[in-house]
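Peer 1: Supplied in structure tokens, the structure appears directly below.
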Amino acid sequence: MNLVLRATLLVLLSVCYLEGRDMMIIAHRGASAQEPENTMCAFERAIQLGADMIEFDVHACASGEIVIIHDGTLERTTNGHGEVAKTPLAGLQMLNAGNGELIPTLQKVLEKFRGRIKLNIELKGKHTGEPVAALLHEYIYHYKWPVSDILVTSFSLDELKKLHAIMPVVRLGMLFEEQEPIIYDATMFQYIVVPFSSLTPELVKETHARGLRILVYTVNERADILYARECGIDGIISDNPDLVRYHQQ
């Protein structure tokens, strides 16, 4: 079987795997309502609260490692200062990311959570597509991370293209801002990810008709969770995965 056909079959199988499940509960930056966002304790808490998947953001730091942090700067979520891209890993790991937590690396998360929960990796920073693809290649092919347990998303189509060129088996999702025109490209990505303010039953119906899945962010209120479910959404991204789980029962 040639590589292109093999890659296509793996993507289709992973999408079918998820389509057979109930609506996914995706913990936004981990269980970030309870723990410091994008930290290992937030990811562990998400598992405890019944999330199906953890979502987190990645940047490349000055020494080349892929680190998990939302902002391109350090001030909001740590006791550090400056840009992530200009700070080496050794400097980043001296910082407090909340309650004594460190800034995790993607490698550490891949090592720790295989078989425990699915991952939604958002390519937040520039120049992340290729190094993330290299890490995923290692952990999927050498350490047997199931490809169906990984989703990569981004607002940057260019970064998604870079990752796809190296690892076409990995499922991709395109992120959209409020009122941004939706691009449907089933040859490139399998998911679209939209803000709650853009969510309508018609959007969900059209997305499904085009053969894609749709996720919504960031949904934290009971009424909004119920509305998203009524729309037929495939997954809810929330700071409170336990609240979403409660209203799924």
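The values are calculated or read from the model by the stated rules, or taken from the named source; none is laboratory data. These figures come from a predicted structure and were not determined experimentally. Note that each Cβ is placed from the backbone with ideal geometry, even for glycine, and that neighbours are counted across all protein chains shown.
Peer 1: Any residue in region 100-113 that is under 19 Å from Leu151 (Cβ atoms) and in contact (Cβ under 8 Å) with a residue 40 or more places away in the chain sitting within a Cβ distance under 8 Å of a residue that is part of a loop (DSSP other than H, G, I, E, B) and among the β-branched types (Val, Ile, Thr)? List the pairs, counting only those 6 or more apart or interchain.
Peer 2: Hits for this filter: Pro104/Thr39.
Peer 1: Filter region 74-92 down to residues that are among the hydrophobic types (A, V, I, L, M, F, W, C) and touching a Leu at 6+ places or on another chain (Cβ under 7 Å) and give me whichever is surrounded by the fewest Cβ atoms within 10 Å (Cβ to Cβ).
Peer 2: Start the filter on region 74-92 by keeping residues that are among the hydrophobic types (A, V, I, L, M, F, W, C), which leaves 74, 84-85, 89-90, 92.
If we keep only those that are touching a Leu at 6+ places or on another chain (Cβ under 7 Å) too, we end up with 74, 84.
Numbers: Leu74: 21, Val84: 23.
Among them, the one singled out is Leu74.
Peer 1: What is the residue count in region 31-58 for residues that are in a strand (DSSP E or B) and of a type in the set (S, T, N, Q)?
Peer 2: Step one: filter region 31-58 for residues in a strand (DSSP E or B), giving 53-58.
Still in the running and of a type in the set (S, T, N, Q): none.
Of the residues in region 31-58, 0 are in a strand (DSSP E or B) and of a type in the set (S, T, N, Q).
Peer 1: Among the small types (Gly, Ala, Ser), farther than 28 Å from Ile225 by Cα and modelled with pLDDT under 95 - does that describe any residue in region 10-29?
Peer 2: Of all residues in region 10-29, those among the small types (Gly, Ala, Ser) come to 14, 20, 27.
From what's left, farther than 28 Å from Ile225 by Cα: none.
No, there is no match, as no residue in region 10-29 is among the small types (Gly, Ala, Ser), farther than 28 Å from Ile225 by Cα and modelled with pLDDT under 95.
Peer 1: May I ask you to list the residues in region 207-238 that are part of a helix (DSSP H, G or I) and free of Cβ contacts under 8 Å to residues at least 12 places away in the same chain?
Peer 2: Within region 207-238, the subset part of a helix (DSSP H, G or I) is 207-209, 222-231.
Scanning region 207-238 gives Ala209, Ala223.
Peer 1: Which one is nearest to the chain's Cα centre (by Cα), of the residues in region 37-60 that are among the hydrophobic types (A, V, I, L, M, F, W, C) and closer than 15 Å to Val132 by Cβ?
Peer 2: So in region 37-60, the residues among the hydrophobic types (A, V, I, L, M, F, W, C) come out as 40-43, 46-47, 49, 51, 53-54, 56, 58, 60.
In the following step, the residues that additionally are closer than 15 Å to Val132 by Cβ were identified as 56, 58, 60.
Working: Phe56: 5, Val58: 9, Ala60: 16 Å.
My answer is Phe56.
Peer 1: Only one of Leu135, Leu110, Leu106 is closer than 24 Å to Val169 by Cβ and in contact with a Phe, Trp or Tyr (Cβ under 8 Å, 6 or more places away or on another chain); which? Give the derivation first.
Peer 2: Working: Leu135 fails: in contact with a Phe, Trp or Tyr (Cβ under 8 Å, 6 or more places away or on another chain); Leu106 fails: in contact with a Phe, Trp or Tyr (Cβ under 8 Å, 6 or more places away or on another chain).
The match here is Leu110.
Peer 1: Next question. Identify all residues within region 182-202 that are surrounded by 13 or more Cβ atoms within 10 Å (Cβ to Cβ), in a helix (DSSP H, G or I) and out of contact with any strand residue (DSSP E or B) (no Cβ under 7 Å at 6 or more places or on another chain); write none if there are none. If you could, list the steps in order and put the result at the bottom.
Peer 2: Filtering region 182-202 for residues surrounded by 13 or more Cβ atoms within 10 Å (Cβ to Cβ) gives 182, 184-185, 188-196, 198-199.
Next cut, in a helix (DSSP H, G or I) only: 196, 198.
Matches in region 182-202: Ser198 only.
Peer 1: Out of (1) at pLDDT below 95; (2) under 20 Å from Ile237 (Cα atoms), what's the single condition that is false for Arg6?
Peer 2: (2)
Every residue, every condition in (1) in contact (Cβ under 8 Å) with a residue 24 or more places away in the chain; (2) surrounded by fewer than 23 Cβ atoms within 10 Å (Cβ to Cβ), yes or no:
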position	(1), (2)
Val58	yes, no
Val67	yes, no
Gly72	yes, yes
Met94	no, yes
Val132	yes, no
Tyr141	no, yes
Ser154	yes, no
Leu160	yes, no
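Peer 1: Turning to a different aspect of this structure: Please determine whether any residue of region 66-83 is at negative phi, of a type in the set (D, E, K, R), modelled with pLDDT of 95 or more and touching a strand residue (DSSP E or B) at 6+ places or on another chain (Cβ under 6 Å). Please lay out each step first, then the result.
Peer 2: Restricting attention to region 66-83, the residues satisfying the condition of being at negative phi are 66-81, 83.
Now narrow it down to the ones that are of a type in the set (D, E, K, R): 71, 75-76, 83.
Applying the additional criterion that residues be modelled with pLDDT of 95 or more yields 71, 75-76, 83.
Adding the requirement that they be touching a strand residue (DSSP E or B) at 6+ places or on another chain (Cβ under 6 Å) leaves 83.
There is at least one residue in region 66-83 that is at negative phi, of a type in the set (D, E, K, R), modelled with pLDDT of 95 or more and touching a strand residue (DSSP E or B) at 6+ places or on another chain (Cβ under 6 Å).
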